[in-house]
1. Restricting attention to segment 139-192, which residues are closer than 26 Å to E215 by Cβ and either among the hydroxyl-bearing types (S, T, Y) or assigned by TED's automatic domain parsing to the domain that holds R95 (or both)?
2. Considering each of V173, V138 in turn, give the residue that is in a strand (DSSP E or B), in contact with a strand residue (DSSP E or B) (Cβ under 7 Å, 6 or more places away or on another chain) and surrounded by fewer than 24 Cβ atoms within 10 Å (Cβ to Cβ).
3. Does segment 108-164 hold any residues that are under 30 Å from K237 (Cβ atoms) and among the β-branched types (V, I, T), and which are they?
4. Can you tell me which residues in segment 69-101 are closer than 25 Å to P218 by Cα, touching a Lys or Arg at 6+ places or on another chain (Cβ under 6 Å) and not small (G, A, S)?
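The values are calculated or read from the model by the stated rules, or taken from the named source; none is laboratory data. Keep in mind the model is a prediction, meaning the values are calculated, not measured. Backbone-built Cβ (ideal geometry, glycine too); neighbour counts: all protein chains shown.
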Amino acid sequence: MRMNSRTRASLLLGFTLFFSSSPLWPALNCHAATVEVFAAASLTDSLKAIAAAYEKQSTDRIVFNFGASSTLERQIEEGAPADLFFSADAAKMDRLAAKGLLINARRTNLLSNSLVIVIAGQGGVSIESPNDLAGPKVKRLALGNPAAVPIGVYSKIYLRKLGLWDAVAPKVVATENVRAALAAVEAGDADAAIVYQTDAAISKQVKVAFAVPPEAGPRITYPAALLKDAPHPAPAKRFLEYLASEPAWKIFREFGFRKPS
């Protein structure tokens with residue numbers, strides 16, 4: 001039996017109304033929302049793994065903008081459309097909070113980390129303690145920009161605590177983020193670098209020469225928060241809650257992160 005155009009249109013409308021009100025609709029509408037997450041570069045691998053697990057149980061899609069927390073903070077201040085900010089230090093989050101750009105009730109400290117000194121895996125300089133960074137063996141030390149980038153700020157605090165900063169400062173090769181500092185050693189552009197323990201663990205081209213005991217280094221905190229002008233607040237809230245869940249923590253732990261003290 002042939003249907004006229006009016007009959008076909010009525011059937012199409014009926015099917016649309018049925019499926020849009022059906023419990024099957026979320027499964028059919030594969031990506032109901034896109035959540036824009038601005039996250040510290042050191043979180044790249046762990047968050048990609050967590051997002052993959054999350055998307056298997058959610059209709060939402062997670063999109064990341066990874067970089068130095070200082071760069072991401074500036075982008076948010078300039079109006080970049082972000083839903084969540086996941087920083088590698090509290091200072092960047094505090095600045096956004098002071099400008100009224102966060103929902104403070106949705107801010108939480110999720111992770112901690114520790115510092116390590118890395119050298120090339122093959123043929124690297126010999127480093128037995130942080131004091132060697134000030135010696136003649138190390139001519140170039142890669143650090144995230146100590147004036148802005150969290151890993152560089154943490155490193156400078158640690159080296160100052162040891163009384164080494166003045167001797168080390170002329171050797172510093174400032175990089176845009178922790179991954180760039182790691183890459184400088186991998187490429188032979190620096191003799192050593194101070195990076196997070198979690199970043200050192202993902203590289204096959206460097207080795208840890210010295211691990212800073214967490215109690216001897218600066219307190220490293222990774223806060224996450226929902227932004228006040230988030231384009232997609234409801235799905236962003238769901239993903240933030242997932243980041244604090246046990247399944248997400250299991251993945252963070254596998255990548256070497258610790259819970260904040």
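1. Those that are closer than 26 Å to E215 by Cβ and either among the hydroxyl-bearing types (S, T, Y) or assigned by TED's automatic domain parsing to the domain that holds R95 (or both): Y154, S155, Y158.
2. On the way: V138 fails: in a strand (DSSP E or B).
Among V173, V138, only V173 is in a strand (DSSP E or B), in contact with a strand residue (DSSP E or B) (Cβ under 7 Å, 6 or more places away or on another chain) and surrounded by fewer than 24 Cβ atoms within 10 Å (Cβ to Cβ).
3. T108, V149, I151, V153
4. The answer is E73, and nothing else.
A quick yes/no check of all residues on (1) in contact with a helix residue (DSSP H, G or I) (Cβ under 9 Å, 6 or more places away or on another chain); (2) of a type outside the set (D, E, K, R); (3) surrounded by 20 or more Cβ atoms within 10 Å (Cβ to Cβ):
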| residue | (1), (2), (3) |
| --- | --- |
| L47 | yes, yes, yes |
| I76 | yes, yes, yes |
| F85 | yes, yes, yes |
| D89 | yes, no, yes |
| A98 | no, yes, no |
| R106 | yes, no, no |
| N113 | yes, yes, yes |
